[in-house]
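Take a look at the structure below.
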Amino acid sequence: MIKIWILTSMLFLSLFGAHKHFSIYKKQGNTKGNTLLVIGGIHGNEPGGYFAPSILATRYKIIKGALWVVPNLNFDSDLRNRRGMYGDMNRKFAYIKPNDRDFKIIKDIKKIILDSRVDLILNLHDGHGFYREAWENSIFNPSAWGQACIIDQKNIDSKKFGRLSDIANSVARELNQKLVKNRHIFNVKNTHTKFKDEQMRLSLTYFAIIHNKPAFAIETSKNIKQLYQKVFYQLRAIEGFMRKMGIKYSRDFKLNPIEIKKILKQYGVVTINGNTIIDLDDVKSRLRYFPIKKRDNDIKGENPLLAILKRGKYFDVMIGNKKITTLMPDYKKQERCLKTIPMIIDGQKKSISVPSIVKVANSFSTNIDKKYRINVIGFSKKGIKNENSITIKKRDIVSKYAMDSKSRKFRIEIYYQDRYCGMVVVNFN
Ligand SMILES: [Zn+2]
């Protein structure tokens, strides 16, 4: 019996990949003050709700007070653009079965919500339509959720920030001073959860307010097609709450839709297994013969929404619900045999980290011990198996083997006997 259970659970793992937990970023200012907890990604098909906190986690600095950010609460679902792989996570806060696949996530986030340091909580969504108090049509009406600040009731019995309705209205008024389109106007929706909304009694914000923690949901609209506009509104709303709470912050960009559009395309670099590197900012949709392990790949990157999903024979590199590239694997035994490699770049001797991306103006060669074998992907010379100590220029490499769309970045792979040791990427610019 036990054996069968183990087999089924392994099958699940191989079908769906390992169950991914959320991450938390805690930013503390030098001066003490209130703490805001921002939770994104509870619904995987609501990308405004997770790309905004991803920018919050990486591009904001807190000067006074504190900001805690969970960008990817339902990470498995965010990566697959599904509302909830294991059911609606926002209906599991009143009760959850111990065998529910979201059990640990719910348990852990509840503990953070109830942390005595947390003064206010925001839960981010993209909702249907545009909320209006009066019925206009099927998109603009009282049962829509989009472009609204949601409260469960008017006030709660909390010393700080208990006047939920006043706070939400004030943030919405401020938000409405900068709209991309007039119809994007924000309103406050009170669900009167305790008396009217049975479903919402199971939600994250209701769990918070019954524990006297001020909580709000921010809903941008699924009917706004441009992700950058939704993220712009989410960040404006979050900043509005930070101002209300006296949290002082700085960011390294101007908050406007055009800047957000640029930032959303900055994916950063990913390193795999500590020996392999890809610049995700410009990468082809497929990378062939890519050195990767069958399982247990160790992924590190700058973007909080980065993950690698195995789909059939291939590996998809994901940033949230966006597929950045597909790796077509070349499975080889792996070992981290060396940390640096001696190279000659544009005539100068250098020691280059493995893995890294190195700029080359004109030419490069590796200059490593004979026991290693060098393979420059896209370069070949008759009769030569080890491409070490050959001076190579861009024109010597077949451009279709480049990693990027501009055909500037090429892979140098280092081998020791039958083992793959690591990679350096040369970037001709
Ligand atoms: Zn939602």
Of the residues ASN99, ASN72, ASN81, which is within 15 Å of the ligand (Cβ to nearest atom), open to solvent by 60 Å² or more (accessible area, probe 1.4 Å), over 15 Å from LEU36 (Cβ atoms) and part of a loop (DSSP other than H, G, I, E, B)? ASN81
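Conditions (1) within 16 Å of the ligand (Cβ to nearest atom); (2) at pLDDT 95 or above; (3) part of a loop (DSSP other than H, G, I, E, B), marked per residue:
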{"position": "LYS107", "(1), (2), (3)": "no, yes, no"}
{"position": "ILE112", "(1), (2), (3)": "no, yes, no"}
{"position": "GLU136", "(1), (2), (3)": "no, yes, yes"}
{"position": "TRP145", "(1), (2), (3)": "yes, yes, yes"}
{"position": "LYS154", "(1), (2), (3)": "no, yes, yes"}
{"position": "SER158", "(1), (2), (3)": "no, no, yes"}
Can you spot a residue in region 119-133 that is touching a strand residue (DSSP E or B) at 6+ places or on another chain (Cβ under 6 Å), assigned to a loop (DSSP other than H, G, I, E, B), within 16 Å of the ligand (Cβ to nearest atom) and not acidic (Asp, Glu)? no
Tell me, which residue of region 191-214 that is assigned to a loop (DSSP other than H, G, I, E, B) and polar (S, T, N, Q) is nearest to the ligand (Cβ to nearest atom)? SER203
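Residue-wise test of (1) loosely packed, with under 14 Cβ neighbours inside 10 Å; (2) within 20 Å of ILE42 (Cβ to Cβ).
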| position | (1), (2) |
| --- | --- |
| LYS196 | yes, no |
| LYS213 | no, yes |
| ASN275 | no, no |
| LEU280 | no, no |
Can you tell me which residue within region 215-237, out of those that are open to solvent by less than 10 Å² (accessible area, probe 1.4 Å) and more than 16 Å from the ligand (Cβ to nearest atom), is nearest to LYS154 (Cα to Cα)? LEU235
Run down LYS32, LYS27, LYS20, LYS64 and say which single residue is open to solvent by 20 Å² or more (accessible area, probe 1.4 Å), at pLDDT 95 or above and touching a helix residue (DSSP H, G or I) at 6+ places or on another chain (Cβ under 9 Å). LYS27
If the requirement is being surrounded by 14 or more Cβ atoms within 10 Å (Cβ to Cβ), out of contact with any helix residue (DSSP H, G or I) (no Cβ under 9 Å at 6 or more places or on another chain) and over 20 Å from GLU46 (Cα atoms), which of these qualifies: SER158, SER165, SER170? SER165
ASN182 versus (1) among the polar types (S, T, N, Q); (2) at pLDDT 95 or above; (3) within 24 Å of ILE210 (Cβ to Cβ): which is the lone unmet condition? (3)
Looking only at region 173-190, how many residues end up being surrounded by fewer than 20 Cβ atoms within 10 Å (Cβ to Cβ) and in a helix (DSSP H, G or I)? 4
Being modelled with pLDDT of 95 or more, open to solvent by 40 Å² or more (accessible area, probe 1.4 Å), out of contact with any strand residue (DSSP E or B) (no Cβ under 6 Å at 6 or more places or on another chain) and among the hydrophobic types (A, V, I, L, M, F, W, C) narrows ILE258, ILE263 down to just ILE258
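The values are calculated or read from the model by the stated rules, or taken from the named source; none is laboratory data. What you are looking at is a predicted structure, and each value in this text was computed from that prediction instead of being measured. Please note: Cβ atoms are built from the backbone with ideal geometry, for glycine as well, and neighbour counts cover all protein chains shown. These accessible areas exclude ligands, DNA and RNA; they are computed on the full protein's heavy atoms, side chains included. Shrake-Rupley method; radii C 1.70, N 1.55, O 1.52, S 1.80 Å.
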